[in-house]
Amino acid sequence: MAKTLDIIPVSEWGFFTLPRPMAIAGPCSAETEEQVMRTARELSDLGLHVFRAGIWKPRTHPGCFEGVGTKGLRWLKRVKVETGMKVCTEVASEKHVYECLKYGIDMVWVGARTSANPFLMQEIADALRDTDIPVLVKNPVNPDLDLWIGALERLNEAGIRKLGVIHRGFSTTENILYRNAPGWQIAIELRTRYPQLPFFADPSHMGGDRKYLREIAQRAMDLGLEGLMVESHCAPDTALSDARQQLTPQAFADLMRNLRIRDADTDDKEYKEGIDQLRAQIDIIDENLLYTLGSRMGVSRKMGEYKRDHNIAILQASRWDQVLAAMQEKARKYGLSEAFVTGVFNAIHEESVRVQNEILSGAEEG
Ligand code: PEP
Ligand code: MN
């Protein structure tokens, strides 16, 4: 049973320029002092207020660049002093938290591999106890809303009230365009349950390639999320981690400038904003429906081949009657009319039979 979260509104953190989007940008990893300072200065000159850089990097293989470690915290401190930006980095252990507190890091985030691990979340929450530092929690790598909520509860129970979330999508074995599956419906569910939680999207890790950043960032805005965390590097192609998905500071500024943000000042605009959010939800659901229909047709084709190989007739009317009756029964539970469900499933079935017949007539011809 989910508990309520006791949150200090983001407008009182003194971090972000409002209205949205609130922006966090900076390199995937701090690599050298020069790279950090150059990226930070360029971003600051373009109007950024909150700078990110990974110091300890969770990498799949040992031997990959695993971050510069504690010495990078000194560079972040320099960014803070010389540009006036707030600085943040990822923590994955108690040791990371203590180091960040020692170096005056303004905010920390918990990465997707860490938020999936309740032991580490508890360790981090305990290390942060009685501090005033804001914490952003990325969604766990696996699409488990309760795990995400559990991570937030642990921090909140440790007294962290400046809490927010970052949606970066989920690991998947499906062959999709993006690096991570968006799973927006999980973000929408979290948003609905905790509307007071400041909500960021991370289009860089979701997309995995800079060419997708714009569409993902726009979708996040259309869904009404408040913020974006974007990876930006002074020379992205030479980056030691996540090179393909990083933007130059100028490209980051262009991305932000070109977002369509509707403010909700007047009644009419409020309506537009609401309808855009709903449309964005519908678009996602429709995409999912198409995907599901495609998968169903794939299985149907396999069934056709299987029946052909075993010399079985395509149409087994009694089975379809049973399937349809079960769907009609379930329809009521989902608030759908029986007539609607009958129409949709008959159309799907018809197409399925047509496809299976094609397979069979192919066999006859061949
Ligand atoms: C990051 O922000 O650099 C990072 C490692 O992200 P994630 O935890 O989303 O993979
Ligand atoms: Mn990264």
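The values are calculated or read from the model by the stated rules, or taken from the named source; none is laboratory data. Computed from a predicted structure; not experimentally measured. For neighbour counting, all protein chains shown are included, and Cβ atoms are generated from backbone atoms with ideal geometry for every residue, glycine included.
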Next on the checklist: Could you go through region 161-184 and let me know if any residue there is modelled with pLDDT of 95 or more, part of a helix (DSSP H, G or I), under 19 Å from W109 (Cα atoms) and within 14 Å of ligand 1 (Cβ to nearest atom).
Outcome noted: no
Checklist outcome for this item: With the first residue restricted to region 94-120 and required to be not assigned by TED's automatic domain parsing to the domain that holds R59, and the second required to be within 15 Å of ligand 1 (Cβ to nearest atom), Cβ contacts under 8 Å at 6 or more apart or on different chains are none
Checklist outcome for this item: In region 219-251, residues that are touching a Lys or Arg at 6+ places or on another chain (Cβ under 6 Å), within 14 Å of ligand 2 (Cβ to nearest atom) and over 18 Å from F65 (Cα atoms) total 1
Checklist entry - Out of the residues in region 129-180 that are more than 20 Å from M22 (Cβ to Cβ) and in contact with a His (Cβ under 7 Å, 6 or more places away or on another chain), which is surrounded by the most Cβ atoms within 10 Å (Cβ to Cβ)? => result N180
Checklist entry - Which one is surrounded by the most Cβ atoms within 10 Å (Cβ to Cβ) among residues in region 18-42 that are away from ligand 2 (no atom under 16 Å from the Cβ) and more than 22 Å from the chain's Cα centre (by Cα)? => result A40
Checklist outcome for this item: Across (1) within 16 Å of ligand 1 (Cβ to nearest atom); (2) touching a residue at least 40 places away in the same chain (Cβ under 8 Å); (3) on the phi > 0 side of the Ramachandran plot, G208 clears everything bar (2)
Checklist entry - Do we find a residue being assigned by TED's automatic domain parsing to the domain that holds G208 and within 16 Å of ligand 2 (Cβ to nearest atom) anywhere in region 254-264? => result no
Next on the checklist: On the basis of being within 16 Å of ligand 2 (Cβ to nearest atom), on the phi < 0 side of the Ramachandran plot and in contact with a Leu (Cβ under 7 Å, 6 or more places away or on another chain), does I216 make the cut?
Outcome noted: no
Item to check | Hey, V68 of a type in the set (A, V, I, L, M) and either in a strand (DSSP E or B) or not assigned by TED's automatic domain parsing to the domain that holds G14 (or both) or not | outcome: no
Next on the checklist: Which of the helices (runs of 4 or more DSSP H) found entirely inside region 188-289 contain at least 2 residues meeting this: among the acidic types (D, E) and over 21 Å from P143 (Cα atoms)?
Outcome noted: 213-222
Item to check | P143 vs. criteria more than 16 Å from ligand 2 (Cβ to nearest atom) and without any contact (Cβ under 8 Å) to a residue 12 or more places away in the chain | outcome: no
Next on the checklist: Quick check on region 219-257: of everything there that is under 24 Å from A181 (Cβ atoms) and among the basic types (K, R), which residue is farthest from the chain's Cα centre (by Cα)?
Outcome noted: R244
Next on the checklist: Whether any residue in region 257-272 is buried (at least 21 other Cβ atoms within 10 Å of the Cβ) and closer than 23 Å to E42 by Cβ is what I want to check.
Outcome noted: no
